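**Student:** This is the structure, below, for whatever I ask next.
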Amino acid sequence: MTNVTFADLGLSNRLMKALSAANYTTPTPIQAEAIPVLLDGHDLLGIAQTGTGKTAAFTLPLLHNLEKTHRPPGQRCARALILAPTRELVIQISESIKTYGRNMQMSQAVVMGGVGKRPQIEKLRRGVDVLVATPGRLLDLMNLRHVDLNRTEYLILDEADRMLDMGFIRDVRKIVAKLPEKRQTLLFSATMPGDVAKLAREILDNPHRIEIAAKTVAVERITQQVYHVDAGAKRTRLIELLAEPGFERVIVFTRTKHGADKVVKFLAREKVNTEAIHGNKSQGARQKALDNFRKGRTRVLVATDIASRGIDVDDITHVINYELPHEPESYVHRIGRTARAGADGIAISFCDVSERAHLRGIERLIKRKLDVIGEVPDDLSAPESKTRGGPSRPGTGFKKRRRRQRRPDRRAA
Ligand code: AMP
């Protein structure tokens, strides 16, 4: 939080009222820096992840500017377009617009895959002030001439890195090409790999740059622990952990959808109240699982990385990485689900032998070692040569057994 107040930032009275109704007293650093710049009409490059308050940082000035220059949007048009990679994130942004715009008459539409097109087309027919969309479905509706962006004044790309990871780059470029050159453009990304930087150069005009380091956002406030464990013992460890006091609202991350379903199955057998959220679930099922989790009806939510970006639930006590992600950046995103809105949190990562390289990658990225809890495997402290073929290298033992089995065959032949 900052020493600045929302009143210092120049937001309209209607927005100020909505903020006090939401119990926001102080702007977060990204809000304090971004809001004045955006009210002045500048483009913005924001390097920040969820949990920093970035949604309000772009939504508040957007609503302020839209109201100040009020005009009817025009049929099938949108005055502002917000693009986000996942359906969850789209819904979350749309909810924020409702919350902050509660004292205004802003119309908005949500366009995303996984649900019927008809209601979305209907909503767009008379035009809207704000359109929040995932790129695939939006392009689809644009090609069918249900959306016209040639009078759009504001473009916001949220989680651009994830958008590119998910293969939306071509769709995004096609969409942006339909917007007028004269517009205000904002791009937010948690990381800045080369292709995101290139996109930013292409679409932003002399942007103001704000970087809220991931380190200071989440990593420093979160207790981060690693549990070295055999792959086969992860289930038991998870069940034991979840039985400990304090594990009140927990997200368990797996790398794959299949893995998530397996975890849900064995936890359900242990009578742990749990649900999964991943890309194979229908939009309705994902939303319901998220809702149950948010309302405390489900204690443990099992999620994959793609689904995790949109999870905006306060008071998550623990994040458990049942499997380590292959991209170190995903680790930071995962653990950022806890320690939201100023709270502290605990992240526990399971690491089997095959995941140690990923652990090293994560520790390099966050520039610190995770605290080891539980037993430290012998071979982690011993030199490599002494451990070769030892008990924690199951591959080697397996090869030996196969060689022994083959010899008698060769003699027989
Ligand atoms: P975001 O980074 O936009 O996903 O926001 C993270 C969380 O912080 C959300 O639950 C917001 O409702 C909350 N939040 C955002 N800004 C503030 C603020 N200034 N004061 C308190 N909570 C906030």
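The values are calculated or read from the model by the stated rules, or taken from the named source; none is laboratory data. Please read these numbers as outputs of a predicted model, since none were measured by experiment. Glycine also receives a Cβ, built like all others from the backbone with ideal geometry; neighbour counts cover every protein chain displayed.
**Student:** Give me the pairs, please: first residue somewhere in the range 330-349 and farther than 14 Å from residue 312 by Cβ, second residue anywhere and more than 14 Å from the ligand (Cβ to nearest atom) and modelled with pLDDT under 80, beta-carbon distance under 9 Å, and either six or more positions apart or on two chains.
**Tutor:** 332/215; 332/219; 335/219
**Student:** Then there's this: Output the residues belonging to the range 1-31 that are outside any loop (DSSP other than H, G, I, E, B) and within 9 Å of the ligand (Cβ to nearest atom). Write out each step before concluding.
**Tutor:** Taking the range 1-31 and keeping what is outside any loop (DSSP other than H, G, I, E, B), we get 6-9, 13-21, 29-31.
Those that are outside any loop (DSSP other than H, G, I, E, B) and within 9 Å of the ligand (Cβ to nearest atom): 6, 19, 30, 31.
**Student:** Let me ask something else about it. Under 6 Å by Cβ, and 6 or more places apart or on different chains, what pairs join a residue from the range 75-101 that is over 17 Å from residue 63 (Cα atoms) and modelled with pLDDT under 95 with one that is more than 16 Å from the ligand (Cβ to nearest atom) and polar (S, T, N, Q)?
**Tutor:** 87/283
**Student:** Now, a different point. I'd like to verify a number: residues in the range 282-337 that are among the charged types (D, E, K, R), in contact with a Leu (Cβ under 9 Å, 6 or more places away or on another chain) and surrounded by fewer than 18 Cβ atoms within 10 Å (Cβ to Cβ), how many?
**Tutor:** The number of residues fulfilling the criteria is 0.
**Student:** Further, regarding this structure: For the range 236-255, indicate whether the set of residues that are more than 27 Å from residue 51 (Cα to Cα), in contact (Cβ under 8 Å) with a residue 24 or more places away in the chain and surrounded by fewer than 21 Cβ atoms within 10 Å (Cβ to Cβ) is non-empty. Spell out how you get there, then give the answer.
**Tutor:** Of the residues in the range 236-255, the ones more than 27 Å from residue 51 (Cα to Cα) are 236-237, 239-240, 243.
With in contact (Cβ under 8 Å) with a residue 24 or more places away in the chain added as a condition, the list becomes 237, 239.
Applying the additional criterion that residues be surrounded by fewer than 21 Cβ atoms within 10 Å (Cβ to Cβ) yields 237, 239.
Looking for residues that are more than 27 Å from residue 51 (Cα to Cα), in contact (Cβ under 8 Å) with a residue 24 or more places away in the chain and surrounded by fewer than 21 Cβ atoms within 10 Å (Cβ to Cβ), one finds at least one in the range 236-255, hence yes.
**Student:** Picking from 87, 71, which residue would you name as being within 16 Å of the ligand (Cβ to nearest atom), of a type in the set (Lys, Arg) and farther than 20 Å from residue 26 by Cα? Before you say what the answer is, go through the steps one by one.
**Tutor:** Numbers: 71 fails: within 16 Å of the ligand (Cβ to nearest atom).
From the options 87, 71, the qualifying one is 87.
**Student:** Please work out which residue is farthest from residue 331 (Cα to Cα), limiting yourself to the range 167-205 and to residues that are assigned to a loop (DSSP other than H, G, I, E, B) and of a type in the set (A, V, I, L, M, F, W, C).
**Tutor:** At the first step, the residues of the range 167-205 found to be assigned to a loop (DSSP other than H, G, I, E, B) are 167-168, 178-183, 190-193, 204-205.
Subset that is of a type in the set (A, V, I, L, M, F, W, C): 168, 179, 190, 192, 204.
Working: 168: 22, 179: 35, 190: 12, 192: 16, 204: 29 Å.
So the residue we want is 179.
**Student:** For the range 133-171: of the residues being among the polar types (S, T, N, Q) and under 26 Å from residue 63 (Cα atoms), which is surrounded by the most Cβ atoms within 10 Å (Cβ to Cβ)?
**Tutor:** Of all residues in the range 133-171, those among the polar types (S, T, N, Q) come to 134, 143, 150, 152.
With the extra rule that they be under 26 Å from residue 63 (Cα atoms), the set shrinks to 134, 150, 152.
Values: 134: 23, 150: 9, 152: 20.
Ranking the candidates gives 134 first.
**Student:** Would a scan of the range 339-353 turn up a residue that is at pLDDT 95 or above, over 19 Å from residue 242 (Cα atoms) and surrounded by 22 or more Cβ atoms within 10 Å (Cβ to Cβ)?
**Tutor:** Among the residues of the range 339-353, not one is at pLDDT 95 or above, over 19 Å from residue 242 (Cα atoms) and surrounded by 22 or more Cβ atoms within 10 Å (Cβ to Cβ), which makes the answer no.
**Student:** With respect to residue 297, is the statement that it is more than 30 Å from residue 363 (Cα to Cα) and either outside the structural domain of residue 161 (by TED's automatic domain parsing) or in contact (Cβ under 8 Å) with a residue 24 or more places away in the chain (or both) true?
**Tutor:** Working: more than 30 Å from residue 363 (Cα to Cα): yes; either outside the structural domain of residue 161 (by TED's automatic domain parsing) or in contact (Cβ under 8 Å) with a residue 24 or more places away in the chain (or both): yes.
Taking the combined requirement at face value, the residue satisfies it.
**Student:** Can I ask one more? The conditions are (1) surrounded by 19 or more Cβ atoms within 10 Å (Cβ to Cβ); (2) over 23 Å from residue 56 (Cα atoms); (3) among the charged types (D, E, K, R), and residue 129 fails exactly one of them. Which is it?
**Tutor:** Residue 129 satisfies every listed condition except (2).
**Student:** All but one of (1) modelled with pLDDT of 95 or more; (2) within 14 Å of the ligand (Cβ to nearest atom) hold for residue 63; which doesn't?
**Tutor:** Unmet condition: (2).
**Student:** Output the number of the condition that residue 51 fails; it satisfies all remaining conditions of (1) at negative phi; (2) within 9 Å of the ligand (Cβ to nearest atom).
**Tutor:** Unmet condition: (1).
**Student:** Run residue 81 past the list (1) crowded, with 24+ Cβ neighbours inside 10 Å; (2) within 14 Å of the ligand (Cβ to nearest atom) and report the number of the one that doesn't hold.
**Tutor:** Only one criterion is unmet by residue 81, namely (2).
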